[in-house]
1. Any residue at all in region 54-64 that is in contact with a helix residue (DSSP H, G or I) (Cβ under 8 Å, 6 or more places away or on another chain) and of a type in the set (Phe, Trp, Tyr)?
2. Do we have any residue at all in region 475-484 that's modelled with pLDDT under 85 and exposed (fewer than 14 other Cβ atoms within 10 Å of the Cβ)?
3. Assess whether Ile447 counts as being in contact with a helix residue (DSSP H, G or I) (Cβ under 6 Å, 6 or more places away or on another chain), farther than 30 Å from Ala334 by Cβ and not aromatic (Phe, Trp, Tyr).
4. Exactly one condition in (1) touching a residue at least 12 places away in the same chain (Cβ under 8 Å); (2) open to solvent by less than 60 Å² (accessible area, probe 1.4 Å); (3) more than 22 Å from Gly290 (Cβ to Cβ) is not met by Trp371; state its number.
5. Among the residues of region 421-466, write down those that are assigned to a helix (DSSP H, G or I), aromatic (Phe, Trp, Tyr) and over 26 Å from Gly96 (Cα atoms).
6. Any chance you could count how many residues in region 206-247 are part of a helix (DSSP H, G or I), over 30 Å from Glu357 (Cα atoms), among the aromatic types (Phe, Trp, Tyr) and within 17 Å of the chain's Cα centre (by Cα)?
7. Quick one: would you say Gly112 is at pLDDT 90 or above and touching an Asp or Glu at 6+ places or on another chain (Cβ under 7 Å)?
8. Please pick out the residue among Leu348, Leu329 that is within 30 Å of Arg453 (Cα to Cα), over 16 Å from the mean Cα position of the chain (by Cα), open to solvent by 10 Å² or more (accessible area, probe 1.4 Å) and of a type in the set (A, V, I, L, M, F, W, C).
Amino acid sequence: MILGWLIIILLISGLAAWYSERFNPVWPRVISLISLIFVFALVLLLWMQLPSRTVPMKTMWLVEMNKEWIPQLGVRFHLALDGLSLPLIMLTLFLGIMSVGISWTEIKERVGFFHLNLLWILAGIIGVFTALDLFLFYFFWELMLVPMYFLIALWGHENRRYASFKFFLFTQLSGLLMLISIIGLYFIHGHNTGVYTFNYMDLLGTSLTSSEAAWLMLGFFIAFAVKLPAVPFHTWLPDAHTEAPTAGSVILAGLLLKTGAYGLIRFVVPLFPQAAFDFAPAAITLGFIGILYGAVLAFSQTDLKRLVAYTSVSHMGFVLLGIFAWNELALQGALMQMICHGIATGALFMIAGALQERIHTRDMERMGGLWTVAPRMGAVALFFALASLGLPGLGNFVGEFLVLLGSYQKSAVMTVLATTGIIIATVYALWIIQRAFHGEQREKLKIHDFSIREMLLMSVMIFPLVWLGLYPQPVFEKSRDAFHHLLNAQSEQRLRDNKIEVTKIRGFEVEKKMKNAKEAVDGSL
């Protein structure tokens with residue numbers, strides 16, 4: 001039941017924050033902060049207790065909640081947690097706390113409604129990371145979409161309406177493709193077995209023809225590739241990132257993108273193993289294109305937030321590469337990259353937001369020499385720029401290194417080509433520091449340096465990157481069992497599919513031989 005409470009607490013706290021605004025505008029911030037810290041403490045406690053638990057070998061779930069919801073349709077309120085979803089939920093709550101902190105002075109209008117949307121997005125994301133019923137998963141998928149639309153449209157910058165509409169259109173249309181695939185899978189499974197269900201564990205073994213599997217997989221893949229974002233489905237991202245308020249950019253980059261990667265790992269490959277295996281070369285190519293395309297476009301930007309947005313396209317290309325390499329090293333690397341990218345890029349967006357709040361522009365052509373007037377901000381920006389380029393000793397390096405190590409086993413050529421993205425990343429990361437913080441001041445900007453509150457937030461963001469860079473073992477240990485189950489399930493399903501295919505071919509050959517023999521006998525008579 002604890003998984004249900006994680007979501008319920010955030011939903012109720014969101015309503016309480018909205019209602020409390022009429023008494024005092026500070027209360028919504030306090031309610032959001034307390035509820036997120038409380039839920040984060042619950043999950044941290046769960047993390048610390050889990051190693052001592054005895055996990056039965058037949059299940060991959062560390063914690064599970066399974067209740068009836070709509071039995072007539074085979075829909076259940078089924079939530080579960082494993083070593084893949086647990087670190088991502090911790091990341092969700094961690095970045096949620098940071099988002100409240102960074103919005104403390106930035107958001108001054110409709111504060112209560114802002115925190116309602118923020119908490120409901122986070123509730124939806126936790127639902128996505130834990131839902132094991134495909135109907136419930138789609139419900140949470142949509143739940144995080146609407147509040148994010150409001151966050152961009154109401155508290156964004158000058159072109160917020162265009163950006164929010166584009167974000168909504170892309171994610172909604174791609175989500176509908178996934179819904180069609182879910183319904184198709186539901187009816188095919190029901191037709192084959194007589195049991196109509198949305199239960200993920202039951203649908204894993206659904207017998208599909210190769211064309212059915214390919215089309216259904218494509219519906220899921222497009223929905224997740226849009227959210228990831230993978231080239232060519234990424235065009236909503238730079239606009240949404242640029243126009244969103246700082247907290248919106250942090251949630252988008254740090255969490256919403258990760259739901260796409262999570263969906264690929266949890267649903268696309270396990271539900272359609274053979275189709276995903278056949279599609280892997282194309283997906284790996286898309287990942288490679290994303291790495292280079294995002295890095296090159298990032299280098300050509302003058303808008304700081306837009307530059308950071310394109311770096312996300314590049315970094316998520318590594319994640320796509322790791323997922324479709326589909327071995328333990330690559331998957332561990334993809335997970336590590338998701339966590340560390342969320343923190344490092346979230347921090348870069350927080351720095352961009354702090355600059356915009358002070359000098360009212362994101363244009364790096366107007367910056368320069370800021371290190372002399374804001375040395376603390378410059379030093380922090382340098383750290384996160386180095387983390388983003390994958391400096392050894394920081395978590396991002398571990399993620400990219402493992403992805404390349406794992407993907408080399410799948411495609412040596414693509415892996416070697418993908419490493420060029422790291423070189424370009426070094427250029428654009430140092431470009432940020434050179435243009436914004438070094439050199440002569442192009443305009444005589446007088447800004448105040450990071451405050452104690454902001455330095456505290458940044459210090460909290462720095463710690464996990466250093467920790468994961470030097471000692472990533474806790475994440476590896478937690479996720480190992482989950483990846484073993486996913487890898488084994490995929491292998492067994494592919495084996496079954498191949499046996500069925502061989503049986504069908506043999507059956508067809510026998511039938512053909514019998515038909516020929518019959519025709520020969522009839523001819524001789």
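1. no
2. no
3. Working: in contact with a helix residue (DSSP H, G or I) (Cβ under 6 Å, 6 or more places away or on another chain): yes; farther than 30 Å from Ala334 by Cβ: yes; not aromatic (Phe, Trp, Tyr): yes.
So Ile447 passes the test.
4. (2)
5. Keep residues of region 421-466 that are assigned to a helix (DSSP H, G or I), which gives 421-436, 452-466.
Then drop every residue that is not aromatic (Phe, Trp, Tyr), which leaves 428, 431, 463.
Within region 421-466, Tyr428, Trp431 meet the criteria.
6. Count: 3.
7. Values: at pLDDT 90 or above: yes; touching an Asp or Glu at 6+ places or on another chain (Cβ under 7 Å): yes.
Yes: the conditions hold for Gly112.
8. Working: Leu329 fails: within 30 Å of Arg453 (Cα to Cα).
Residue meeting the stated conditions: Leu348.
The values are calculated or read from the model by the stated rules, or taken from the named source; none is laboratory data. Bear in mind the structure is a predicted one, so any value in this text is a computation, not a measurement. Neighbour counts are summed over all protein chains in view; Cβ atoms, including those assigned to glycine, are modelled from backbone coordinates with ideal geometry. These accessible areas exclude ligands, DNA and RNA; they are computed on the full protein's heavy atoms, side chains included. Shrake-Rupley method; radii C 1.70, N 1.55, O 1.52, S 1.80 Å.
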